[in-house]
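The values are calculated or read from the model by the stated rules, or taken from the named source; none is laboratory data. This is a predicted model, so every value here is computed, not measured. In this analysis, Cβ positions are derived from the backbone assuming ideal geometry, glycine residues included, and neighbour counts consider all displayed protein chains. With ligands, DNA and RNA removed, areas are computed over all heavy atoms of the protein, side chains included. Shrake-Rupley method; radii C 1.70, N 1.55, O 1.52, S 1.80 Å.
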Amino acid sequence: MPAPRQVFIAVIGVGGVGKSFLTQLQSLSTRLSQSTSPIYLSLILLGRSSKMLFSESYRPLPLSNWESALSASTQPVLPAREIIDYLATAPEKAVLIDNTSSEELAATYPQFLQKGISIVTPNKKAFSSSYAAWSDLFSAAANGTGRGGYVFHESTVGAGLPVLSTLKDLVETGDEVTKIEGVFSGTMSFLFNSFMPVGGGGGTFAAEVKKAKELGYTEPDPRDDLNGLDVARKLTILARLSGLKVESPTSFPVQSLIPKELEGVGSGDEFLQRLPEFDERMDKLKADAAKQGKVVRFVGSIDVPKGEVKVGLESFDTSHPIAALKGSDNIINFYTKRYGSNPLIIQGAGAGGDVTAMGVTSDLIKVLRLLG
Ligand SMILES: NC(=O)C1=CN([C@@H]2O[C@H](COP(=O)(O)OP(=O)(O)OC[C@H]3O[C@@H](n4cnc5c(N)ncnc54)[C@H](OP(=O)(O)O)[C@@H]3O)[C@@H](O)[C@H]2O)C=CC1
Ligand SMILES: N[C@@H](CC=O)C(=O)O
Ligand code: NA
């Protein structure tokens, strides 16, 4: 029988996705420890913005009562370079799970990878900022051109839906992706499906934004969804994986739904409080579309041969599959040479803690297989 293995896990970010991930980690950890070739997953570091808990002796932290253990911690919040040193000197391989939306943490990924630490994350920042940052990242990663740790980020597009793995399979098996189009935001899908449902009715736009936040669909600051940037980040990732050198998520047309008057508002809370002042404008958009027998949805597309990417509102006939989406569903259509005029379609919940964490957990399983 092969010797049992141990892999060290650090989790930063314990919000909607992080909490669900820790629940899934607990059952994965039990299953793997009982398998015929056991793997012991040891949680050794847990962090959020204001708190950190880590095991100085690399003995596992409790997974069952992590919440009270973290809130009782009096340990310092380590900066990224100290987390890297701590994980790099662990007696076995370590994996960082970044469940934050932190740009600062994302900027340090190449340093984690160079030290042999693998990364699994739903955080889009590292993959959708400058093209140079994308290149640095994958030139350090073992599943890029480097020799460091592995990096997987399935949940950065379509949450747990198998969007990136499908696109990679298409590209690596030699298919030619010509166009990718669809609804890429759980928040935007939920907002338009509930504010402007097929058949009429629906709540006010601002009230639906509040609901989307309560349901855990939005980014930590919902303005990052409403300004179109979250979708632009996802399309940047998809375009790069399709072979386009997209410079940044602001290097192509992106329509923002933030009213001009609210662009300078300081906090997300103040923004949400003032948003109802603009409900009439959104009601007019709904009424204008209804006059033509249509509904409006927030969509994106990538034309690969032309190198064109765009994000914004479009009107659809009520019989169109995009108009018929429900809840937070995403729909992603891959047009390729092999699939011809009938696209390969992926559809399902594109936001929410459990489905996003599922993508993170399945990426962790991929890393564990690769670590051998
Ligand atoms: N929610 C969803 O449906 C989906 C989310 N994602 C991505 O998953 C990530 C997490 O989203 P979600 O769980 O909804 O967000 P939340 O706001 O619920 O949680 C974010 C967590 O990250 C922590 N955090 C933020 N910044 C830092 C930092 N600099 N250092 C340490 N901890 C930090 C927060 O800590 P504290 O509370 O102390 O500030 C909090 O625990 C985001 O990148 C998001 O884009 C991807 C797909 C779908
Ligand atoms: N805020 C995002 C979360 C997933 O990426 C969305 O609504 O799609
Ligand atoms: Na995904």
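Comparing Cα centroids, the range 49-115 and the range 286-364 end up 35 angstrom apart. Across Val77, Val355, Val163, mean-square fluctuation computed from a Gaussian network of the chain (C-alpha pairs under 10 Å connected) peaks at Val77.
For the chain, the relative contact order works out to 19 percent when only alpha carbon pairs closer than 8 Å and six or more residues apart are counted.
Electrostatic tally near Val265: other residues with Cβ closer than 14 Å to its Cβ, Lys and Arg +1, Asp and Glu -1, net -4. Accessible surface calculations at 1.4 Å, restricted to protein heavy atoms, place the range 304-372 at 49 Å² per residue. Shown in residue order for the range 355-372 are the 3J(HN,Hα) couplings computed by the Karplus curve 6.51 cos²θ - 1.76 cosθ + 1.60 at θ = phi - 60°: 6, 6, 4, 4, x, 5, 5, 5, 5, 4, 4, 4, 4, 4, 4, 5, 6, x Hz (x for Gly and Pro). Taking other residues whose beta carbon is less than 12 angstrom from the beta carbon of Arg338, and scoring Lys, Arg as +1 and Asp, Glu as -1, yields -2.
Express the Stokes-Einstein translational diffusion coefficient of the chain in µm² s⁻¹, to the nearest whole number, given a Kirkwood radius over alpha-carbon pairs, 37 °C and a viscosity of 0.692 mPa s. This corresponds to a translational diffusion coefficient of 152 µm²/s. Inter-label distance, Arg59 to Glu176: 6.2 nm, where each label sits 7 Å from its Cα along the C-beta direction. Under the criterion of Cα pairs below 8 Å and six or more residues apart, the relative contact order for the range 279-372 equals 16 percent. Pick from Asp225, Asp354, Asp136: which is most flexible by mean-square fluctuation in a GNM of the chain where alpha carbon atoms under 10 Å apart are linked? Largest GNM mean-square fluctuation: Asp136. With all protein chains kept in place, the per residue accessible area of the range 187-254 amounts to 36 square angstrom at a probe of 1.4 angstrom.
When you count the other C-beta atoms within 10 angstrom of each residue and take the mean per peptide, 236-244, 112-120, 28-36 line up highest first as 112-120, 236-244, 28-36.
Packing, as the average of other Cβ atoms within 10 Å across residues, places the peptides 273-281, 345-353 in the order 345-353, 273-281, highest first. Extending 7 Å from the Cα toward the beta-carbon at both Lys291 and Ser267 defines two label points whose distance is 4.1 nm.
Per residue, the average separation of C-alpha pairs within less than 8 Å and at least 6 apart gives the range 6-135 a relative contact order of 26 percent. Over 19 Å between C-alpha atoms is what I'm after, so list which of Lys245/Lys310; Lys179/Lys286; Lys234/Lys366; Lys124/Lys211; Lys213/Lys310; Lys93/Lys234 land there. Exceeds cut-off: Lys179/Lys286; Lys234/Lys366; Lys124/Lys211; Lys213/Lys310; Lys93/Lys234.
For the range 220-250, backbone nitrogen atoms closer than 16 Å to the point 7 Å from Tyr131 Cα along Cα-to-C-beta are found at 235-250.
The 3J(HN,Hα) values that the Karplus relation (6.51, -1.76, 1.60; θ = phi - 60°) gives for the range 55-68 are, in residue order, 9, 5, 9, 6, 7, x, 7, x, 8, 6, 10, 4, 5, 6 Hz. Gly and Pro appear as x. For Leu257, the amide hydrogen comes within under 5 Å of the amide hydrogens of Asn227, Gly228, counting only partners 5 or more places away or on other chains and with H modelled in the peptide plane.
Think of the chain as having a plus end and a minus end, set by charges on the Cβ of Lys, Arg, Asp and Glu; of Asn99, Thr361, Gly200, Thr361 sits farthest toward the positive end of this dipole.
Between Ser33 and Ser315, the simple label model (points 7 Å from Cα in the Cβ direction) yields a spacing of 6.0 nm. The string of couplings for the range 91-107 from the Karplus curve (6.51, -1.76, 1.60, θ = phi - 60°) is x, 9, 4, 10, 10, 8, 10, 9, 9, 9, 10, 6, 6, 5, 5, 4, 5 Hz, one whole number per residue in order, with x for Gly and Pro. A probe of 1.4 angstrom, applied to the heavy atoms of all protein chains, finds Met358 with accessible area near 100 square angstrom. For the chain, the carbon plus sulfur part of the accessible surface works out to 51%, probe radius 1.4 Å.
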